[in-house]
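A.B. asks: Quick one: this structure, given as structure tokens, is what I'll be asking you about.
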Amino acid sequence: MMHIVIVGGGLVGAAAAVAAARQGYQVTLLERGAAPDHQPVSQEWDLRISSVHQKNVEWLEQLGVWTQVDSAKYFSYAGLSVTTRDRQTVEFAAADVAAPRLGVMVENDALVRACWQVLREFENVTLRAETEIKTYELESQHLLLNNDETLLFDLLIGADGANSAVARAAEIGMRGWDYDMRCLLAIAEVEQPLAAKTWEVFRAEGPYALLPLNDHLACLIDYRAEAVWSDASTEQVEQALHETFAPVLGAFTLQKHASFPLRRQRALRYFDSRGVVLIGDAAHSIHPLAGQGVNLGFVDVQTLMSALAASELRTALKTYERKQTLVNQQMMRMMDAIHFGFRSEHLLPRLAVGLGLQAVAKIKPIKQQIIKAAMGWS
Ligand SMILES: Cc1cc2nc3c(=O)[nH]c(=O)nc-3n(C[C@H](O)[C@H](O)[C@H](O)COP(=O)(O)OP(=O)(O)OC[C@H]3O[C@@H](n4cnc5c(N)ncnc54)[C@H](O)[C@@H]3O)c2cc1C
């Protein structure tokens, strides 16, 4: 039986482990942090939240993961709107394609915990938390762990995030740049009831957005230049968020906040012929603007698993690389076009984006196509 070693038990690595186990492979999952399902559960939402589109929610249901997710830690949304710098708004609704929702907002920790809980049920899965690889012997396909255990592998999957040690061990180069912007995330308790709708507004300094988490709880997102957020005190953050969001939301109180630098990066290759492959942020990290990071990672897993089921290893890895490079680079280019187009000081790119949105809003079949793409059916 093929032995798959997965490095990184975050969202993408843990979901890959479930998918591989369901396909009958022998799986070992290595995570350098503590086991997520042995951490105490907090009533409060963590700041790391993902929007998972409907098609991936259905995939997680098929894997048996979704039923294990704490229902207080996800929220379905049925609407999405985008407002340009020139104040044109386009609304997308699940109802336009006769669907009950576009996707869900889910706490990353709750989803990872659910994956690990499911993994414990499999006899063909070994979970190793607080474990790292000390030595990579890729030619002979064996690994020495920091607990002095030796593992042989047929396939080594790097799901260890943007600073991938697996990519470095396989000498897979990365290309990327910093956007020189930070994304500030805050959890806010909102007095007025919230609609089950996510929205994003573009302005000169950078976009701001709201993700609904329940009827009175939201994740507020505010992108600004690196220097603005990295030096801001809590009082300055609270004041800035109130100035931005209170006119739309009314009164709210902030529970917590944090900011992250924005970086774009992609691996120059997705696999190595010694039986190494990269998935998720290890292969590509993109601008979080459209909430596609985890979604792309989940599609990596689906493509890799169906390629492995259909052909022998080397052919499967080539198929995976060919398909996913195309999909992921297309999404990265689209994010860049939106990022630079919306931010531009020049009227022409801004007008193009605005006119494009207006045109989309008027043409029903195109709009339906876009909504379906947002739900994962591209
Ligand atoms: C501000 C922000 C907002 C975002 N919002 C969204 C969103 O709304 N929707 C969305 O889809 N995506 C979003 N993303 C992107 C999303 O968070 C990432 O795409 C996603 O977390 C990638 O998952 P991953 O499992 O590939 O990597 P990670 O989440 O980075 O997980 C990697 C795992 O590997 C472990 N690890 C690392 N190195 C080693 C090692 N050497 N040995 C063993 N284990 C190791 C880590 O401990 C971790 O558990 C956002 C990102 C940012 C920065």
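Any read-out appearing in this document is the output of simple, stated calculations on the displayed coordinates, not a laboratory observation. What you see is a predicted model, and the numbers here were worked out from it, not measured in a lab. When we count neighbours, we look across all protein chains shown, and the Cβ atoms used for this are built from the backbone with ideal geometry, even at glycine.
A.B. asks: Amide H neighbours of Leu217 under 5 Å, at least 5 residues apart or on other chains, H built in the peptide plane: list them.
C.D. replies: Amide H to amide H, under 5 Å and 5 or more residues apart or across chains, Leu217 pairs with Val190.
A.B. asks: When the chain is fully extended, how far beyond the present Cα-Cα distance does Gln117 get from Ala204, taking 0.36 nm per residue of separation?
C.D. replies: Result: 26.9 nm gained on full extension.
A.B. asks: Please provide three numbers in whole Å: the alpha-carbon extents of the stretch 50-206 along the principal axes, with the largest listed first.
C.D. replies: 58, 40, 31
A.B. asks: Another question, if that's okay. Write out the GluC sites (Glu not before Pro) in the stretch 142-191 meeting two conditions: DSSP loop, and at most 15 other Cβ atoms within 10 Å of their Cβ.
C.D. replies: The qualifying sites are Glu149, Glu171, Glu191.
A.B. asks: Also, quick follow-up: State, to one decimal in nm, how far the label point of Thr135 lies from the label point of Ala72, with both points 7 Å from Cα in the Cβ direction.
C.D. replies: 4.8 nm
A.B. asks: Here's something else I'd like to know. Along each of the three principal axes of the Cα atoms of the stretch 241-340, give the extent in whole Å, ordering the values from largest to smallest.
C.D. replies: On the principal axes, the stretch 241-340 reaches 58, 28, 19 Å in Cα extent.
A.B. asks: Is it possible to state the helix-based mean residue ellipticity at 222 nm for the chain, with each DSSP H run of 4+ residues giving -39500 (n - 2.57), the sum divided by total residues, to the nearest 500 deg cm²/dmol? What is it?
C.D. replies: Taken over the chain, the calculation gives -11500 deg cm²/dmol.
A.B. asks: Cut-off is 10 Å between beta-carbons; in what order do Glu123, Glu61 appear when sorted fewest neighbours first?
C.D. replies: Exposure proxy ranking, most exposed first: Glu123, Glu61.
A.B. asks: With +1 on each Lys and Arg Cβ and -1 on each Asp and Glu Cβ, how big is the dipole of the stretch 1-104 about its Cα centre, in debye rounded to the nearest 20?
C.D. replies: So the magnitude is around 200 debye.
A.B. asks: Using every alpha carbon pair in the stretch 1-137, what percent of pairs falls into each 5 Å bin from 0 up to the bin containing the largest distance?
C.D. replies: 2, 9, 17, 18, 16, 13, 9, 7, 5, 3, 1, 0
A.B. asks: Have a look at Ile187, Gly161, Val118 and report the one farthest towards the positive end of the charge dipole of the chain, computed about the Cα centre with Cβ charges (Lys/Arg +1, Asp/Glu -1).
C.D. replies: Of the listed residues, the answer is Gly161.
A.B. asks: Fewest to most neighbouring Cβ within 10 Å: what's the order for Phe252, Phe122?
C.D. replies: Ascending number of Cβ neighbours within 10 Å: Phe122, Phe252.
A.B. asks: Which one, Leu213, Leu268, Leu11, has the greatest fluctuation when you compute a Gaussian network model over the chain with C-alpha springs under 10 angstrom?
C.D. replies: Sorting by GNM fluctuation, first place goes to Leu268.
A.B. asks: Which residue fluctuates most in the GNM of the chain (Cα springs below 10 Å): Arg266, Arg32, Arg182?
C.D. replies: Ranking Arg266, Arg32, Arg182 by mean-square fluctuation puts Arg32 first.
A.B. asks: Follow-up question, since we're still on this one. Arrange the following residues from fewest to most other Cβ atoms within 10 Å of their Cβ: Thr234, Thr198, Thr244.
C.D. replies: Taking fewest neighbouring Cβ atoms as first place, the list is Thr234, Thr244, Thr198.
A.B. asks: Would you mind computing, in nm to one decimal, how far apart the modelled labels at Met2 and His142 are, each placed 7 Å from Cα along Cα→Cβ?
C.D. replies: 2.2 nm
A.B. asks: Here's a follow-up. List the pair-distance distribution P(r) of the chain, using every Cα-Cα distance, as the percent of pairs falling in each 20 Å bin from 0 up to the bin containing the longest distance, rounded to whole percents.
C.D. replies: The calculated distribution, bin by bin, is 27, 57, 15, 0.
A.B. asks: Additional query: From the square roots a ≥ b ≥ c of the eigenvalues of the alpha-carbon gyration tensor of the stretch 97-184, which class results: rounded (a/c under 1.5), prolate (a/b over b/c), or oblate?
C.D. replies: oblate
A.B. asks: Follow-up question, since we're still on this one. What's the lysine pair count for the chain at a Cα cut-off below 22 Å, pairs eight or more apart or interchain?
C.D. replies: Here the count comes out as 16.
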